[in-house]
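Below is one structure; the comments refer to it alone.
None of the figures in this text is laboratory data; all of them are computed from the coordinates on show. This is a predicted model, so every value here is computed, not measured. Positions of Cβ are generated from backbone atoms using ideal geometry, with glycine treated the same way; all protein chains shown enter the neighbour counts.
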Amino acid sequence: MMSYIVAPQKKLKEPIPVPGTKEKVTDLVVIHDPTKCTGCGQCMIGCAYKHFRTFDKRYGLLYVFEDPINKGRYVNANCSHCVFPMCLASCPKEAIYKDEKGIVRISPLLCVGCGTCNQACPIGIPRLDEERKVYVKCDFCDGDWPMCVQMCSSNALRLLPRKEAFEYVNKLRSGK
Amino acid sequence: MGTKASSGSTGTKYGYFLGCVMPAKMPWAEKATFLVSKHLGLDFDYMKESVCCVRPGVWKAINPDWWLTLTSQNLATAEKQNIVIVDSCNGCYISHWECLQELKEEPEKLEMVNRNLEKAGLKVTLSTDVKHFLQVLYEDVGIEKIKENVVKPLNIRIMRHIGCHARKHDERFPMYFDEIMRATGATIVDTPYDKTCCGLLLYFADPKTSIFERIGVKMQTAKELDIDAYALICSGCYDQFERAVKVYKDERGIAFETPIVHFSELLALSFGYKPEDFGMMYCRPIPPTKLIQKLKEGK
Amino acid sequence: MMSGDADRIKSWERLLEAGLKVTEHKQDEEAKKYPLRKQFRPAAPDIAKASLKRDFEVGLVYYVGDDVEQDRALCGLEKPPTAHTFKEALERKRKILEESGIMKELGFDKKKGFFKY
């Protein structure tokens with residue numbers, strides 16, 4: 001009951017080094033609990049405003065939609081800034097990189113909008129920004145407290161350390 | 001009328017925050033809330049000079065710092081009046097509560113807020129507290145006392161919509177809601193859409209989805225299950241329910257018949273008050289004639 | 001066993017379809033017409049402007065006019081003790097909005113009562 005009242009970690013701290021490589025990953029990830037989500041769409045609106053200054057939820061960089069099989073349940077797709085990102089590996093122009101905070105980013109200057117990252121990503125997170133004709137994806141709000149988590153009305157989106165997040169998701173899966 | 005509770009049992013001065021929707025669209029809920037709280041012997045009055053809680057859905061997205069500044073005006077006013085803010089709208093509650101938590105956690109933000117409020121002659125010292133109406137009823141009054149005061153158990157079937165923001169603290173508030181509703185004698189019908197958002201927050205982004213795929217499915221289910229009433233607590237959600245009912249009537253020609261009632265109305269009815277005492281039949285998109293009839297027959 | 005697998009694949013396909021529908025992003029009509037024109041988006045989104053304006057003018061999102069007061073009288077209530085009645089609360093709110101620079105950044109013209117952009 002009191003778990004929420006204890007101040008959670010809101011900002012990225014030290015990135016975690018990936019063994020065997022020079023790269024680092026973010027210490028935090030955003031995870032989604034479908035048993036709590038109410039489908040209010042606030043996360044998408046908050047994200048859309050932060051990145052594109054509009055309340056049109058389709059501009060958001062994470063997606064929440066109704067589960068077509070279990071009605072009344074909502075599933076989501078958001079970037080988890082993978083340890084070994086497929087989008088990064090697939091990019092023919094090397095426009096995708098991991099910055100010093102461990103955030104996987106797309107450089108708008110190098111991107112040519114080919115869409116390989118969208119195809120390579122297991123959940124197709126990068127999408128085409130039709131105005132600039134480049135691919136865009138979650139940038140973890142530059143390491144700040146992510147807007148989607150701030151806006152979530154039912155505490156379904158959580159910010160957890162990578163290891164705990166993995167355990168949490170496993171627990172959610174086995175519960176179903 | 002039931003056994004009157006001893007007055008001033010908790011010793012806290014509560015200031016009821018009306019919000020935007022309640023005074024304009026749900027006067028019956030306002031009256032019923034006051035009837036219930038006075039009946040339970042709470043030191044309950046209006047929070048005066050209140051302004052909009054500053055909807056977290058809009059302002060937080062635009063700028064979290066602005067949201068903090070504007071929300072803390074209400075906190076400062078409450079501190080001046082020496083009251084505990086009581087919200088029954090989930091949006092107002094979460095706006096005030098989160099603002100208070102954030103100011104407590106981050107002294108820099110408190111400084112920033114006070115710098116902005118200073119010009120209007122206000123100051124936040126974080127001496128106030130924010131409570132949800134459910135919290136006041138369940139934690140401060142107690143379910144036993146509510147059960148004692150129920151003199152006319154309601155023999156009706158209801159569906160409930162508790163609202164998204166009430167789910168922020170784990171499953172606490174939904175549990176309070178259910179227990180208090182069961183204490184009135186009403187039977188709660190579970191459906192897969194109980195958790196679904198009313199769509200008020202989504203209305204700015206996608207009006208069609210927010211009306212037809214959120215409220216639409218809820219009201220359709222209520223129609224199919226032949227429910228007596230749709231109970232809710234959040235006035236923000238009521239706003240969206242009312243809007244959706246109107247849109248359905250205008251655009252699709254479907255008239256829903258399940259009355260949307262406020263939680264405290266059902267509580268007041270079970271405490272022995274009559275529907276006329278709080279004007280239950282006035283200014284509603286769906287008049288609860290059938291419900292009132294059923295309650296009268298049940299007697 | 002076989003039919004179970006087929007069902008699972010089917011359910012995954014449906015989930016994927018629903019996901020594709022959501023991630024499909026189409027630009028505005030205007031942007032399609034003029035591809036080289038960069039869209040200007042004001043700080044206050046168009047869709048929220050009406051309610052923001054009411055918020056600045058009344059202090060709350062809904063007006064309480066004569067008709068609402070009649071309805072309130074039917075329920076045995078008087079004028080709400082909010083900023084509708086206490087104008088000084090509204091004045092304070094306006095002052096905060098003005099002094100902290102929110103009005104300026106949102107582009108709200110207080111005298112004429114509209115958003116400049």
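Here A:His32, B:His161 are placed in order of increasing Cβ neighbour count within 10 Å, fewest first, which gives A:His32, B:His161. Among C:Ser11, C:Ser51, C:Ser100, the largest mean-square fluctuation in a Gaussian network model of chain C, built with springs joining Cα atoms closer than 10 Å, belongs to C:Ser11.
The label point for A:Lys13 and the one for A:Asp144, both projected 7 Å from the Cα toward the Cβ, are 2.2 nm apart. All distinct Cα pairs of segment A:43-176 go into the 1/r average, and the inverse of that average, the Kirkwood radius, is 15.9 Å. For the peptide C:13-19, the mean number of other protein chain Cβ atoms found within 10 angstrom of a residue's Cβ is 4.
Return the percentage of antiparallel bridges among DSSP beta bridges fully within the protein assembly as shown, rounded to the nearest 5 %. The antiparallel fraction comes to roughly 50 percent.
Amide H to amide H, with H built 1.01 Å from N, A:Leu157 comes under 5 Å of A:Asp33, counting only residues 5 or more places away or on other chains. Simple point charges give the picture: +1 on the Cβ of Lys and Arg, -1 on the Cβ of Asp and Glu, and for chain B a dipole about the Cα centre of about 760 debye. Other protein chain C-beta atoms within 10 Å of residue C-beta, averaged over C:57-69: 4. Remark on C:Ala83: its backbone amide H falls under 5 Å from those of B:Ser50, a criterion applied only to residues 5 or more positions apart or on other chains, H modelled at 1.01 Å from N. Simple spin-label estimate for A:Met86 and B:Met175 gives 4.0 nm between the two label positions (7 Å along the Cα-to-Cβ direction from each Cα). For the pair C:Lys111 and B:Lys13, a Förster radius of 25 Å applied to the C-beta separation gives a FRET efficiency near 0.05, rounded to the nearest 0.05. Among B:149-155, B:136-142, sorting by the average number of other beta carbon atoms lying within 10 angstrom of each residue, highest first, gives B:136-142, B:149-155. For segment B:206-221, putting each phi into the Karplus relation 6.51 cos²θ - 1.76 cosθ + 1.60 with θ = phi - 60° gives couplings of 8, x, 5, 4, 5, 8, 7, 9, 10, 5, x, 5, 5, 5, 4, 4 Hz, in residue order, rounded to whole numbers and with x for Gly and Pro.
Mean-square fluctuation check for chain A, GNM, Cα pairs under 10 Å: which of A:Pro108, A:Pro19, A:Pro146 is largest? Most flexible of the set in this elastic network: A:Pro19.
This model, with +1 at the C-beta of Lys and Arg and -1 at the C-beta of Asp and Glu, gives segment C:2-115 a dipole about its Cα centre of some 580 debye. Relative to the longest principal axis of the Cα atoms of chain B, the long axis of helix B:289-298 lies at roughly 70 degrees.
With a cut-off of 13 Å, note down the residues of segment B:240-283 whose backbone N falls inside the zone around a label point 7 Å from the Cα of C:Gln70 toward its beta carbon. Under 13 Å, as judged by backbone N against the label point of C:Gln70, lie B:283 of segment B:240-283.
Using a Gaussian network model of chain B in which every pair of alpha carbons under 10 angstrom is joined by a spring, one finds that among B:Ala231, B:Ala120, B:Ala222 the greatest mean-square fluctuation is at B:Ala120.
So if R0 is 60 Å, what FRET efficiency would C:Lys32 and B:Lys296 give, r being the distance between their Cβ atoms, rounded to the nearest 0.05?
E between C:Lys32 and B:Lys296, to the nearest 0.05, is 0.50.
Counting only the Cα atoms, chain C fills a convex hull of 258 Å³ per residue. According to the Kirkwood relation over distinct C-alpha pairs, the hydrodynamic radius of segment A:82-137 is 11.1 Å. Only one residue of A:Val64, A:Cys87, A:Cys114 has its Cα farthest out toward the positive end of the dipole of segment A:1-115, where Lys and Arg carry +1 and Asp and Glu -1 on Cβ, and that residue is A:Val64. Once the other residues with Cβ under 15 Å from the Cβ of A:Leu109 are scored (Lys, Arg +1; Asp, Glu -1), what is the net sum? Summing Lys/Arg as +1 and Asp/Glu as -1 gives 0. Across every direction, the projection of the convex hull enclosing the Cα atoms of the protein assembly as shown has a mean area of 29.7 nm². Phi angles of segment A:149-162 translate, via the Karplus equation with coefficients 6.51, -1.76, 1.60 and θ = phi - 60°, into HN-Hα couplings of 6, 4, 7, 4, 7, 10, 6, 7, 8, 10, 10, 10, x, 3 Hz per residue; Gly and Pro are given as x.
Taking 4.7 Å between C-beta atoms as the pairing limit, chain A has these partnerless cysteines: A:Cys37, A:Cys47, A:Cys82, A:Cys91, A:Cys111, A:Cys114, A:Cys121, A:Cys141, A:Cys152. As a proxy for reagent exposure, ranking B:Ile85, B:Ile156 by other Cβ atoms within 10 Å from fewest up yields B:Ile156, B:Ile85. With neighbour counts taken as other beta-carbon atoms within 10 Å, the residues B:Thr209, A:Thr21 rank, fewest first, as A:Thr21, B:Thr209.
Between B:Thr187 and B:Glu257, the modelled label-to-label distance comes to 1.9 nm, taking each label 7 Å out from Cα in the direction of the beta carbon. At R0 = 25 Å, how high is the FRET efficiency between C:Arg54 and B:Lys123 if r is their beta carbon distance? Nearest 0.05 is fine. Once rounded, the FRET efficiency stands at 0.35.
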